Amino acid sequence: MSKINMSSVDFETMIIHAGQEHDSAYGALATPIYQTSTFCFDTVEDGAAKFAKQVPGYHPVYSRSGNPTTRAFELKCACMEGGEDAVAMASGMGAVGSVVLAFLKPGDHAIFDDSVYGGTNFVCTTNLPELGVEISRVDTADREALKAAIRPNTKMIYFETPNNPMIKVTDIAAVKAVAGPDIRVVVDGTFAPPPLQYALKLGADIVLHSITKYINGHGDALGGVVVGSAADMALVRNNCMTKINGCPPSPFNSYLVLRGMKTLALRMERHCANAMAVARYLESSPYVKHVYYPGLESDPGHELACRQMENGLFGGILSFELKDDVKGLSSFEAGKKLLNSLTIPAIAVSLGDPDTLIEHPASMTHAGVSPEARLAAGITDGLIRLSVGLESARDLINDFEQAFAAL
């Protein structure tokens with residue numbers, strides 16, 4: 001067992017040491033990769049006792065329901081978020097699916113924010129209604145609209161903060177105050193993991209992450225995680241996506257995430273500093289109509305972000321909107337040409353990598369969505385989403401300068 005009291009040390013110390021014990025077999029410092037599908041028992045009686053959970057402690061029997069490498073990752077995430085337990089998934093959408101399947105049943109009602117990640121949007125507009133779950137869509141940042149949407153059978157309020165792709169900040173504590181004790185508040189914190197934001201401390205019942213993004217931080221492993229109370233996580237683990245429906249992460253991916261998390265604090269500081277520098281540059285650009293980034297004093301969510309997001313860190317992702325007529329080009333054509341003229345950012349749809357990533361929703365992720373639906377979500381033809389990486393901020397700004405000049 002670790003000698004460190006994780007509750008008494010700073011985040012930078014905790015994120016390195018939490019969940020990871022020195023290997024008892026050989027003393028390895030790094031958590032070993034338990035690349036096995038099943039685990040052996042000493043006797044039939046030993047196996048029966050462990051299947052029945054009559055033996056105290058953690059005893060994996062089959063990697064679909066538990067693996068030591070993955071368990072170390074789960075314990076680190078629980079400690080990171082201040083939750084009692086965590087359940088790891090094979091992807092961020094696995095985390096989303098696990099939550100809705102664990103806690104919603106036919107006849108229930110759930111409220112989803114009016115702007116969420118595309119995969120989550122499909123779950124709440126197609127999957128859940130087909131299962132008999134009633135859905136309402138509101139701006140969860142609008143307290144009165146949220147109150148009006150609650151019904152006697154409301155069981156869940158789900159939102160992202162900051163959200164995708166408009167980087168809107170929602171007051172977690174205010175939503176929980178409206179929800180009360182009987183409605184679970186579920187927050188997707190992918191855009192602002194600790195040490196930026198602690199959703200459970202702010203009042204959320206459950207927080208989930210696509211760990212593919214910042215928590216892993218290297219663009220080389222898919223994964224998701226759900227964190228909350230021990231009772232809620234037991235429902236997720238035993239009745240939902242891992243043991244029964246079977247979407248645990250591979251031990252190798254859990255190992256990669258454990259490795260990536262050790263530098264989370266350092267990486268987030270650089271992501272945020274670079275994003276702030278680029279956001280300020282874009283805000284001053286004659287070609288940009290608006291920058292969506294809560295670190296800017298001009299952003300409508302800035303005051304809330306200063307209260308809710310800690311350490312003066314506002315995230316590494318921003319969106320910006322080009323003006324309607326840029327050098328005679330429509331904002332749609334200017335957006336495509338700008339991306340094609342940049343040399344450092346990769347044109348890609350993920351985020352949280354060391355590499356800066358950029359995408360043009362109207363011609364990429366939301367090309368199949370009707371213009372009316374895009375505009376309803378705030379996604380204009382000139383909107384561009386930028387995940388600011390760990391490169392030199394000066395180099396990124398210089399690259400934007402030459403790309404704008406090339407328009």
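For the chain, DSSP calls about 55 percent of its internal beta bridges antiparallel.
Note on the chain: with a GNM built from Cα contacts shorter than 10 Å, the maximum mean-square fluctuation among Thr43, Thr343, Thr69 falls on Thr43. Note on the chain: with a GNM built from Cα contacts shorter than 10 Å, the maximum mean-square fluctuation among Arg280, Arg237, Arg270 falls on Arg280. Using R0 = 60 Å, the C-beta based FRET efficiency linking Lys3 and Ser330 works out to 0.45.
Compute the helix-to-body angle for 92-103: its Cα long axis versus the longest principal axis of the chain, expressed 0 to 90° and rounded to tens. Once rounded, one gets 60 degrees.
The dipole here belongs to the chain: it is taken about the Cα centre, uses +1 on the Cβ of Lys and Arg and -1 on the Cβ of Asp and Glu, and is about 480 debye.
Can you give the Kirkwood hydrodynamic radius for the chain, in Å, rounded to one decimal and based on Cα pairs? Averaging 1/r across every pair of different Cα atoms and inverting gives 22.2 Å. Each Lys and Arg adds +1 at its Cβ and each Asp and Glu adds -1 at its Cβ; summed about the Cα centre, the stretch 265-407 shows a dipole of about 100 debye.
Across the options Ala148, Ser65, Ala231, the greatest Cα extent toward the positive end of the charge dipole of the chain (unit charges at beta carbon of Lys, Arg, Asp, Glu) belongs to Ser65. The rule of thumb for compact globular proteins, 2.2 N^0.38 Å, goes into the C-alpha radius of gyration of the stretch 300-348 1.61 times.
Just the number please: accessible area per residue for the stretch 338-399, 1.4 Å probe, all protein chains included, in Å².
Working: 2470 Å² over 62 residues.
Dividing the accessible area of the stretch 338-399 by its residue count gives 40 Å².
Convex hull volume of the Cα atoms of the stretch 242-374, normalised per residue: 180 Å³.
All alpha carbon pair distances within the stretch 131-220 were sorted into 10 Å bins beginning at 0; the resulting P(r) in whole percents reads 16, 48, 28, 8, 0. Mean-square fluctuations from a GNM of the chain, with a 10 angstrom spring cutoff on Cα atoms, peak among Leu146, Leu322, Leu131 at Leu131. Considering only Gly82, Ala174, Cys247, and ranking their Cα positions along the charge dipole of the chain that arises from unit charges at the beta-carbon of Lys, Arg, Asp and Glu, the one farthest toward the positive end is Cys247.
Sorting check: for 306-317, 327-338, which peptide has the highest mean count of neighbouring beta carbons within 10 Å, and how do the rest follow?
Numbers: 306-317: 20.4, 327-338: 17.9.
Peptide ranking by packing, descending: 306-317, 327-338.
Please compare each pair in Lys168/Lys213; Lys147/Lys201; Lys213/Lys262; Lys3/Lys76; Lys76/Lys168; Lys289/Lys336 to a cut-off of 20 Å on the Cα-Cα distance and tell me which ones are over it.
From the list (Lys168/Lys213; Lys147/Lys201; Lys213/Lys262; Lys3/Lys76; Lys76/Lys168; Lys289/Lys336), the Cα-Cα distance tops 20 Å for Lys147/Lys201; Lys76/Lys168.
When ranked by the protection proxy of mean other Cβ atoms within 10 Å per residue, highest first, what sequence do the peptides 85-97, 110-122 form?
On the way: 85-97: 24.1, 110-122: 20.3.
Ranking the peptides 85-97, 110-122 by packing returns 85-97, 110-122.
Give me the angle, in degrees from 0 to 90, between the Cα long axis of helix 230-239 and the longest principal axis of the Cα atoms of the chain, rounded to the nearest 10. Rounded to the nearest ten degrees, it is 80. Probing with 1.4 Å while keeping every protein chain in the model, the per residue accessible area of the stretch 226-333 equals 41 Å².
Show me the three semi-axes of the equivalent ellipsoid for the stretch 3-71, from the C-alpha gyration tensor (sqrt of 5 times each eigenvalue), largest first, rounded to whole Å.
Numbers: eigenvalues 157, 40, 25 Å².
Each semi-axis is √(5λ); the values are 28, 14, 11 Å.
Which FRET efficiency, nearest 0.05, do Ser363 and Asp395 yield, Cβ-Cβ r, R0 22 Å?
Details: r = 26 Å, r/R0 = 1.16.
Working from the Cβ atoms, E equals 0.30.
The values are calculated or read from the model by the stated rules, or taken from the named source; none is laboratory data. Since we're looking at a predicted model, the values are computed, not measured. FYI the Cβ positions are ideal-geometry reconstructions off the backbone, even for glycines, and counts take in every protein chain you see. With ligands, DNA and RNA removed, areas are computed over all heavy atoms of the protein, side chains included. Shrake-Rupley method; radii C 1.70, N 1.55, O 1.52, S 1.80 Å.
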